[in-house]
Number of protein chains: 2
Amino acid sequence: MESEDDFKEFIINGDKKFVPHLSIDCVIFGFHNNLLKVLLLKWGKIDGWSLPGGHVLRGENVEDSAYRILKERTGLTEIYLQQFKTFGKPKRTGNALELLFKSSGVNTNIKSWLLDRFISIGYYALVDFSKVMPTADWLSEKCAWHDINKIPPMLFDHNEIVEEALKSLKFAIYHQPLGYNLLPERFTLPQLQKMYETILNKKLDRRNFQKKILSLGILNRLEERMKIGPHRSPFVYSYNKEKYEAALKEGISFSF
Amino acid sequence: MESEDDFKEFIINGDKKFVPHLSIDCVIFGFHNNLLKVLLLKWGKIDGWSLPGGHVLRGENVEDSAYRILKERTGLTEIYLQQFKTFGKPKRTGNALELLFKSSGVNTNIKSWLLDRFISIGYYALVDFSKVMPTADWLSEKCAWHDINKIPPMLFDHNEIVEEALKSLKFAIYHQPLGYNLLPERFTLPQLQKMYETILNKKLDRRNFQKKILSLGILNRLEERMKIGPHRSPFVYSYNKEKYEAALKEGISFSF
DNA sequence: CCAAAAGTGTTTAAAATACACCCATGC
DNA sequence: GCATGGGTGTATTTTAAACACTTTTGG
């Protein structure tokens, strides 16, 4: 969406291009400064935040729509993506779009497909924070990361969607390795532990954590150490991609 | 759907009543004779089986639609229901509906909303086999239980949907008690074990299984024994509803 | 009396947990 | 030299796994 004309065309004729009544919302997780982050959009024409989302092109695979939307907002194509729930309450979008129409100078008597009811398919994505280029557009004045614990009240039912995504992520971390998608290529065990602690929302014992995570055999310890701060430098690790993929496929079982 | 007139009205004007492009498919699991069963519909006008499904009324909560559909097919209202995945491949319904239209004597040049692309929300349900009244209708000549291992090739992508439902169920059984929904009120430990073995698709040790399941403290052993066959009679158990609900909420962790 | 299935407990192995001291670094 | 955070191993407890004999019942 790059201009007012685009927007008007979208309001009036969007349903020729997109499947009506159906939307996609993406909860994009990143990890930075030992904090779990979510990428949100600040709307320009009305006051409020929302998840990045979009619609499914007629003829497009739903999963491909999610990848397309993620590409638009992050610039990334290789992304870990997981469908987690579909949201279908009849009043879930409230009247935010009517307000948007008013604020954008669109005739509110117009009968737009956008004012119909929408069912939204929720996907969460795990991305390398450092590689993301948050990208706003004509409709959104900002695209920015928020701490998972400092998420503002959002439009529609998007706070609920984030809650559910986090719940799914928490569940997933017991059965899959996840670090490959959220951390940069080279990272330290303390960082990885912080990632686990943030997602699980609890403290873990350092020694037991290392024992468990190393016993999976999916990590390579590099010669290098990371020089950070007035203390001993931690070792740098990277994932062994093959063994990581194998663990993903087989499934693992953490206890924590 | 009770008559040809109903059907024609549905084809032509269904989208006034229902949300277009969106459907619901239900994988209804039951347990009988120590076998896991799924309730399927045999179509009357064309040859083929499918999952029971339906559409979302405009204004209706999606979850309520699933309950409504389940009520129609089983007669039951109190059902354990779980959304598990949404299916959105563009060609997922194939050309089965065109064939149905032809076989039903509907003009195939008609532009029906039903011939559009559909995205389907998958729910699985767990029901007490003995309480279900499988109900067919004008479109379906049969509504019948099938062994999970003897499911015929189905219309649309319904075989894939059953696979995914089973995968989700398998996953769930490691974290929740499930027997309350699938077994009759009074049952034996061997029955319960068979249920677990069927869902997990593996044999379990009798003694270890009983230790584990009893240690949850959600079962009551009744005085009674069940007299079945030329051998020792097993004890009858029932669930302690309160403790069962608590275990559901807390979540449990089975290892098997 | 025989076949078929259910009841029951102990021993062993594996996994999770709890826990403390020393080391490297920057200021 | 001191504060901060990282590296490392062992002992204990808990949990899972392996395993066999006796009892009941119908035919």
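A few points about this structure:
- Starting from the label point of residue B:242 at 7 Å along Cα→Cβ, the same points in the other copies fall at 5.7 nm, in ascending order.
- Pseudo-label separations to other copies for residue A:44 - Cα-to-Cβ vector, 7 Å, nm: 5.7
- Kirkwood-based shape ratio for segment B:4-172, expressed as Rg/Rh from alpha carbons: 0.94
- Calculated label separations, residue A:91, copies of the chain, 7 Å along the beta-carbon direction, nm: 4.3
- The order of B:227, A:17, going from fewest to most other C-beta atoms within 10 Å of their C-beta, is B:227, A:17.
- Subset of A:150/B:85; A:142/A:203; A:91/B:91; B:170/B:211; A:16/B:111; A:167/B:167 violating a 23 Å alpha-carbon distance limit: A:150/B:85; A:142/A:203; A:91/B:91
- The protein assembly as shown - Debye-derived log10 I(q)/I(0), Cα point model, q = 0.09, 0.10, 0.12, 0.13 Å⁻¹: -0.77, -0.93, -1.24, -1.35
- Counting Cβ atoms of other protein chains within 10 Å of each Cβ in A:208-217 and taking the mean gives 0.
- Seen from residue A:52, the other residues with C-beta closer than 12 Å to its C-beta sum to a net charge of +2, counting Lys and Arg as +1 and Asp and Glu as -1.
- Mean separation of Cα contacts under 8 Å, 6 or more apart, over the residue count of segment A:4-172: relative contact order %: 36 percent
- For segment B:1-94, the fraction of C-alpha pairs more than 22 angstrom apart is 36%.
- Ordered from longest to shortest, the equivalent ellipsoid semi-axes for segment B:179-250 are 20, 16, 11 Å, each the square root of 5 times a Cα gyration tensor eigenvalue.
- Taken along the Cα-to-beta-carbon direction at a fixed 7 Å, the label points for residue B:32 and residue A:197 span 5.5 nm.
- Across peptide B:47-58, the mean count of Cβ atoms from other chains lying within 10 Å of each residue's own Cβ comes to 1.
- Mean separation of Cα contacts under 8 Å (6+ apart) over length of segment A:179-250, as relative contact order %: 35 percent
- Under 5 Å from the amide H of residue B:28 lie the amide H atoms of B:39, B:125, each residue being 5 or more positions distant or on a separate chain, with H modelled from the backbone and absent for Pro and chain starts.
- Where chain A is carried onto chain B by rotation, the Cβ closest to that axis, with its residue and distance in Å, is A:86, 2.
- Note on the protein assembly as shown: antiparallel DSSP beta bridges, both residues inside, total approximately 75 percent of the bridges counted.
- Helix-derived mean residue ellipticity, 222 nm - over chain A, DSSP H n ≥ 4, -39500 (n - 2.57), to 500: -10000 deg cm²/dmol
- Packing, as the average of other Cβ atoms within 10 Å across residues, places the peptides A:19-26, B:66-73, A:240-247, A:126-133 in the order A:19-26, B:66-73, A:126-133, A:240-247, highest first.
- Gap separating the Cα centres of segment A:204-256 and segment B:1-71, nearest whole Å: 48 Å
- Taking all pairs of distinct alpha-carbon atoms in segment A:76-229, Kirkwood radius in angstrom: 18.9 Å
- Mean separation of Cα contacts under 8 Å, 6 or more apart, over the residue count of segment A:20-61: relative contact order %: 41 percent
- Considering only beta bridges that DSSP places wholly inside segment B:4-172, some 75 percent are antiparallel.
Readers should treat all values here as calculations from the given coordinates under stated rules, not as data from a laboratory. None of these values were measured; they are calculated from a predicted model. Cβ sites come from the backbone with ideal geometry, for glycine too, and all protein chains shown count toward neighbours.
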